[in-house]
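Okay, structure first, notes after.
The values are calculated or read from the model by the stated rules, or taken from the named source; none is laboratory data. Here the structure is a predicted model, which is why all the values come from computation and not from measurement. Here the Cβ positions follow ideal geometry from the backbone for every residue, glycine too, while neighbour counts run over all protein chains shown.
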Amino acid sequence: MPIHTARLIHTSDLDNETIDNAHRLLVEAYGGQFTETDWEHTLGGMHAVIAHRGALIAHAAVVQRRLLYRGSALRCGYVEGVAVHQDWRGQGLGNAVMDAAEQVIGGAYQIGALSATGAGERLYRPRGWLGWRGPTSVL
């Protein structure tokens, strides 16, 4: 299996074509269930991208959030918009974009967090991500 490496780019440095391609990839990967609100949550941080011959085939983003835990506000790197083009699944690209996302989290944040679909859990759990058992809310 070939080894893939994601390129890290801040939202402000993404060109319009890459932004459009990332949005399209996410909408397609989530079967049309990826909303404009989901897209907005994906912007404003670092993006891990993998392209093949100019086509975007994998994406993940890390954006800053505040996570309140036991009265403390933690600086959180929140993973958003993880997707691999359907023709490229099963080749390690999900792990490659998560490698890059985790590098960002480890270098800049106190904690990492994400919300996972059932399919996503198969990617995240073997990497050491744990399910949260407590309540959650948005401020």
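A compact table of results
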item: Residues of the stretch 1-22 satisfying the condition of being in a helix (DSSP H, G or I) and surrounded by 11 or more Cβ atoms within 10 Å (Cβ to Cβ); result: Thr11, Thr18, Ile19, Asp20, Asn21, Ala22
item: Those residues of the stretch 8-25 which are within 19 Å of Leu93 (Cα to Cα) and within 13 Å of the chain's Cα centre (by Cα), in sequence order; result: Leu8, Ile9, Ala22, His23, Leu25
item: Scan of the stretch 1-22 for residues that are without any contact (Cβ under 8 Å) to a residue 24 or more places away in the chain and among the small types (Gly, Ala, Ser), ordered by number; result: Ser12
item: Out of Arg70, Arg75, Arg53, Arg66, sole residue that is at pLDDT 95 or above, of a type outside the set (Val, Ile, Thr) and farther than 19 Å from Glu36 by Cα; result: Arg75
item: Test: residue in the stretch 23-38 that is under 17 Å from Asp99 (Cβ atoms) and surrounded by 14 or more Cβ atoms within 10 Å (Cβ to Cβ); result: no
